[in-house]
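Report on one structure; see the data block that follows.
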Amino acid sequence: MNENGTRRTTVGIATAVLAVLAPFVVSGPASAQTESHGPVSSEWTTQTVAPGVQVRTGTIRNAASVPTWTVTVQESTTSRLTGAAAWAEVGPRSWADETAARLKAVGFQPRTETVRWPRYADTPYGTMGLRIRVGSYADKAAAQAVATSVNAAGFHAVAEWTGYEPEQPADVENIHVAVIDPRTFSGTVAGTHDGNVAQRETTSSVAGKLGSLVGVNAGFFVTSNSDGVQGTQSGIAAYDGQLESMAVGSRAALIVEDGGRRFRVADLTSTVTARAGASRYAVEGINRVPGTVRDCGRPGLTPSSLPWQDVTCHTNDDLVQFTPAFGANLPTGAGTQVVLDATGRVVSTGARGGRVPAGDTVLQGIGTAADWLTTHATLGQRVPVTEVVRDTEGRRVRLGQGDSIVSAAPTLVEDGRLSIDAATEGTLDPKDLSFGYAWSNIRQPRTMAGIDARGRLLLVTVDGRLTGGSEGFTLQEGAEFMRSLGAVEALNLDGGGSTAMAVNGKLVNAPSDATGERAVGDTLQVLAQPRSH
């Protein structure tokens, strides 16, 4: 059942995508098309926003899919990363058999479902584990009532919508696909934080302010004050050739070169070094709170120096650079701060805090980094800071005017084939199914970017978390969809409530947050302004 369900989903999406491709070469401002393939139907409209920029809006329906509400009993486990108590949706057979027997003994009728691993490049194949469920219900209230009874009997149960799971086809998917052809589009494509990396704005508000033709949300960012400065990126980011945030491990990034003449997807790392005379010290962050690293992925962190999605790691020894784009008050606390002028010369030293002076940069150090600054970064001393960005093949990515980098995780397509390195990029843990299971394996709203064989940029959003409406993609479904569009390279951008697309400055998708469109960190904007030469 699971394998067949996954195949039906894949075929349904891929078949419907055939209706997406042809209209991208249709001339004229708009067109519409409806197609049916058995139980799968799709309706698409095409809008030519500008020469070389088209947006395709579609709904894929599968009449054979009838999702319901159910009750899932979760396994008690321990986080491999933190050691804290956790709950897992899927567990081993020994747990499943014992749990099913206990449920039957108190009057429930459980069922056991086999869950298989998606087609990831770096996780096991075959059976992931077993899932225990009770009942099938027409609405959430009925499922929640049963879950309450199950919990009262000594279990941990939650009400869930089966339409979010890949074991059955999605019944509805609302999708937007923007295609930007650099051979005919004379405007600009740019990653942007709208001039201040320490702020949050909605994708559509930035698009409206900039007069954007198409805009989508882009990278992961800090959403809580306890995790850093809200709006700052938790991954590598560069705007107009300036590195404004460092990589957290080797994770997927979209590189926009020369204002959108060329695009590529690559896993990137970054190395930044401060030098005072013969002494050097590694800068481990740009525009973030010293000692606090969202998504981890830097050396010397606790509990891990590897990337872990939505986890905040810490260190007592940290050197962080702040650029003129950091438009908020600088972090305060123990440690040392120096201000460097445009030539890299120290013009002031002292306690942490204040603002970044216009045209200057700031270094903040805590622990041993503070000691290094105190010893070496004295008034008048030159402390040049060098930055190096490399891809996984060791090639240096040189940033110049008009170049942008936005990043998230994981890679979806590489060399025209599915290549989802979810474990390596830290969106799930094969050894701990309590971490990242829903993030990676359950349908969610997604924003994705890719490049096809003709060098065209593909920007895609799928709405999700809308019970009875659009349900979203799993990572595998997102990768398959991108490949169906012809992507030879693709990555997953920030999703969930962040997923947004604006066309001509107006929001065109349905964000999943109850409060409406979410204010995000950086965005990717397609602008009518001609590229500079």
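The table below lists the values:
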item	result
Extension gain, Lys104 back to Lys506 (0.36 nm per residue minus Cα-Cα distance, nm)	139.4 nm
Residue-averaged [θ]222 nm for the chain, counting only DSSP H segments that reach four residues, each worth -39500 (n - 2.57)	-4500 deg cm²/dmol
Whole-number percent relative contact order across the range 392-490, with pairs defined as alpha carbons under 8 Å at least 6 apart	30
Accessible-area order (highest first, 1.4 angstrom probe) of the listed residues Glu173, Glu414	Glu414, Glu173
Only Lys, Arg (+1) and Asp, Glu (-1) charged, at Cβ; the chain dipole about Cα centre in debye	400
Potential extension, Tyr125-Gln144 segment - 0.36 nm per residue separation minus Cα distance	3.5 nm
Amide H partners (placed H, <5 Å) of Asp267, local residues excluded	Ala253, Thr392
Thr302 paired with Ser186, simple spin-label distance in nm, labels 7 Å along Cα-to-beta-carbon	5.9
Protein accessible area in the range 31-76, 1.4 Å probe - carbon and sulfur %	50
Computed lengthening from His156 to Ser279, 0.36 nm per intervening residue step minus Cα-Cα distance	38.7 nm
Burial order of peptide ranges 77-86, 207-216 (average beta-carbon count within 10 Å, highest first)	207-216, 77-86
Amide H partners (placed H, <5 Å) of Ser348, local residues excluded	Val339
Spatial extent of the chain: Rg and Dmax, with the Cα atoms as the point set, Å	24.3, 78
Other-chain or far-sequence residues with amide H under 5 Å of Val488's (modelled H)	Ile451, Asp452, Ala453
Heavy-atom surface of the range 168-307, accessible at 1.4 Å and reported per residue (Å²)	30
Relative contact order %, the range 254-336, counting alpha carbon pairs below 8 Å whose residues are six or more apart	23
Computed Rg/Rh of the range 428-533, alpha carbon atoms with Kirkwood Rh	1.01
Shape metrics for the range 315-421, restricted to C-alpha atoms - Rg then Dmax, Å	17.7, 54
Kirkwood hydrodynamic radius of the range 115-245, from inverse mean 1/r over distinct Cα pairs, in Å	20.0
Farthest toward positive dipole pole in the chain [+1 Lys/Arg, -1 Asp/Glu at C-beta], among Val397, Pro92, Ile60	Val397
Percent of Cα-Cα distances greater than 15 Å, calculated over the range 223-268	52
Rounded tilt (10° steps) of 475-484 against the dominant C-alpha axis of the chain	90
Nearest-ten-degree value, helix 2-21 long axis tilted from longest Cα axis of the chain	60
1.4 Å probe accessible area per residue over the range 444-519, in Å²	26
Computed FRET value (nearest 0.05) for Ser136 with Trp87, which takes r as the C-beta separation and R₀ as 25 Å	0.70
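The values are calculated or read from the model by the stated rules, or taken from the named source; none is laboratory data. In this text, all values refer to a predicted model and were calculated from it rather than measured experimentally. Neighbour counts are summed over all protein chains in view; Cβ atoms, including those assigned to glycine, are modelled from backbone coordinates with ideal geometry. Heads up: the accessible areas ignore ligands, DNA and RNA and are worked out on the full protein's heavy atoms, side chains in. Shrake-Rupley method; radii C 1.70, N 1.55, O 1.52, S 1.80 Å.
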